[in-house]
Amino acid sequence: MLIGLIIACEVAFWVVLGLALTARYIFRLRRTSTALLVAVPLVDVVLLVATVIDLRDGATAGFRHGLSAAYIGFSVAYGHYLVRWADVRFAHRFAGGPPPVKPPKYGAARAAHEWRIAGMTAVAGGIAAGLLQAAILGVDDASRTGQLSAWQGRMGVIVGINALIALTYTLWPKKPSADTGARRDPRVEKYLNTRG
């Protein structure tokens, strides 16, 4: 049941966000949009409460409980970033807003972008690890919480991999290729000209 709830929470996040952006940019209902955006974190609260109830009712902690903590951690850490990402694209598509700015591709700017992502991942990992530790302490039965400790390790690996990616962009910054300014493939040019 908890896995289904995690999937439902992910779907609910995007549905509520879509409704909020539709209210803001299509119907010009700013207060309704703000209320819906405030409701987005409530999805995480529902999942947290369901997970706590499941553990309190004597369930042995398993994959689903660890995934729940990881989902909440990433949702909290990346939530604002994802809302901004969707907002800019929705505004551009439906309200004449400026086109979204793509992340930098090269050099120090790309490395800085990767470190921002790694920072959000570290926050997500920290939140998830904290929730997992709180569950371990709350259950207070090592025979029922082994999976939660394993999930703490998984979160550490994810944070480490993301930091390693950022470090590689710092030590070996990606440079534009010599043909970056070259002409596009003629087939692409023909396709673009027929669409214009």
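In table form, for the structure just shown:
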item	result
Check: segment 1-160 dipole with +1 on Lys, Arg Cβ and -1 on Asp, Glu Cβ, in debye	920
Solvent accessible area, Å² - residue 159, 1.4 Å probe, full protein context	40
Mean separation of Cα contacts under 8 Å (6+ apart) over length of the chain, as relative contact order %	22
Given 12 as the ceiling on other Cβ atoms within 10 Å, longest exposed-site-free region of the chain for trypsin sites (Lys or Arg not before Pro) in DSSP loops	106-182
Accessible heavy-atom area order of 114, 10, highest first, probe of 1.4 Å	10, 114
Global geometry of segment 1-49, whether rounded, prolate or oblate, following the gyration tensor of its Cα atoms and the 1.5 cut on a/c	oblate
Rounded, prolate or oblate (a/c below 1.5 giving rounded, otherwise prolate when a/b exceeds b/c) for segment 47-162 by Cα gyration tensor	oblate
Value of D in µm² per second that Stokes-Einstein yields for the chain, Kirkwood Rh from Cα pairs, at 25 °C (0.890 mPa s)	124
With DNA, RNA and ligands ignored, accessible area of residue 177 (1.4 Å probe; Å², nearest 10)	70
Most fluctuating residue given options 129, 59, 69, as computed from a GNM of the chain linking Cα atoms under 10 Å	59
Between helix 30-56 and the chain: long-axis angle, C-alpha atoms, 0 to 90°, nearest 10	40
Principal-axis tilt of helix 107-139 within the chain, Cα atoms, nearest 10 degrees	20
Rounded tilt (10° steps) of 186-195 against the dominant C-alpha axis of the chain	90
Cα gyration tensor shape for segment 1-88, rounded if a/c is under 1.5, else prolate or oblate	prolate
FRET efficiency, 1/(1 + (r/R0)^6) with R0 41 Å, evaluated for residue 56 and residue 81 via beta carbons	0.80
Amide H partners (placed H, <5 Å) of residue 174, local residues excluded	107
Accessible area of the chain belonging to carbon and sulfur atoms, whole % at 1.4 Å probe	66
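The values are calculated or read from the model by the stated rules, or taken from the named source; none is laboratory data. Remember, predicted model here, so these are calculated numbers, not experimental data. Glycine gets a Cβ as well: all are built from the backbone with ideal geometry, and neighbour counts include every protein chain shown. Remember, those area values only see protein heavy atoms, side chains included, never the ligands or the DNA or RNA. Shrake-Rupley method; radii C 1.70, N 1.55, O 1.52, S 1.80 Å.
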